[in-house]
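The block underneath contains the structure these notes are about, expressed in structure tokens.
Every read-out reported here was derived from the displayed coordinates using simple, explicitly stated rules and does not represent laboratory data. It should be emphasised that the depicted structure is a prediction, and the values quoted were computed from it without experimental measurement. Here the Cβ is made from the backbone with ideal geometry for all residues, glycine too, and neighbour counts use every protein chain on show.
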Amino acid sequence: MASESTYATIAALLVTSSLPFYLYGAWIMIDAETVTWNVLVHHLKFIVPGLVLNTVPVVTWMIPRLLNQLSGLSALHAILGLQAYAMLVFALTGIVRIFQAKRRANLYHDPDPDVDLDDLHENMGAWRGRLRIGVFGYVLFWFGAWLLGLYRYVTGYMLGSGLG
């Protein structure tokens, strides 16, 4: 069986490797003049692997070990990570509704750049707000948890004798 340090290294590498997926996925949406179905699918081809690379170590290695190493830094790391996922869920409440409205208007397969998205549904502005706040919050809290996790990894496994 591998050592605790090996598992920590694998977890750190997996979570860190999700960052380029997130950044490129965001760039796809920022760079798109009109978000078509193909643009959305291309975006998700990068965001979903990023989420998997991040979530698998969290669920399989970090969460089961949390109570055994509960300290101020591990609690803060867990709170930041949990808040990131809460913001992601908040963003999804907007994404799902926007997707439904755009799908009903056939804007994914037959995009019309002149259509004002706010005209598609009376709540579109609120849904877009949820999406923006949720994504911004996810990135902010994820980045904080990631930096704190790297700090804990360096001090606990590279400079110390292990956190566990």
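Running Debye on the stretch 64-164 with equal point scatterers at the Cα sites and no solvent, what base-10 log of I(q)/I(0) appears at q = 0.11, 0.19, 0.21, 0.22 Å⁻¹? One equal scatterer on each Cα of the stretch 64-164 leads to -0.50, -0.88, -0.99, -1.05.
Once you reduce the stretch 70-100 and the stretch 117-164 to the center of their Cα atoms, the two points are 7 Å from each other. Rounded to the nearest 10 degrees, the inclination of helix 72-104 to the longest alpha-carbon principal axis of the chain is 20 degrees.
Assuming R0 = 41 Å, can you tell me the calculated FRET efficiency for the pair W37 and T6, based on Cβ-Cβ distance, to the nearest 0.05? The computed FRET efficiency comes out at 0.45.
The convex hull defined by the C-alpha atoms of the stretch 59-119 has an orientation-averaged projected area of 6.4 nm².
Between M158 and L13, the contour length at 0.36 nm per residue exceeds the Cα-Cα span by 50.8 nm.
Counted residue by residue at 0.36 nm each, then reduced by the alpha carbon distance between them, the extension gain from V56 to F136 reaches 26.6 nm.
Dividing the mean sequence gap of close Cα pairs (under 8 Å, 6+ apart) by how many residues the chain holds gives a relative contact order of 31 percent.
Take the alpha carbon atoms of the stretch 14-107, find their radius of gyration, then divide it by 2.2 N^0.38 Å using N residues; give the quotient.
1.32
Roughly how tilted is helix 4-31, in degrees to the nearest 10 and between 0 and 90, from the longest Cα axis of the chain? It is inclined by approximately 20 degrees. Taking the longest Cα principal axis of the chain as reference, the axis of helix 37-57 is set at about 20 degrees. With the simple model of a label 7 Å out from the Cα in the direction of the Cβ, A105 to A26 spans 2.6 nm. In this calculation the C-beta distance from F143 to L67 is compared with R0 = 22 Å, giving a FRET efficiency of 0.30.
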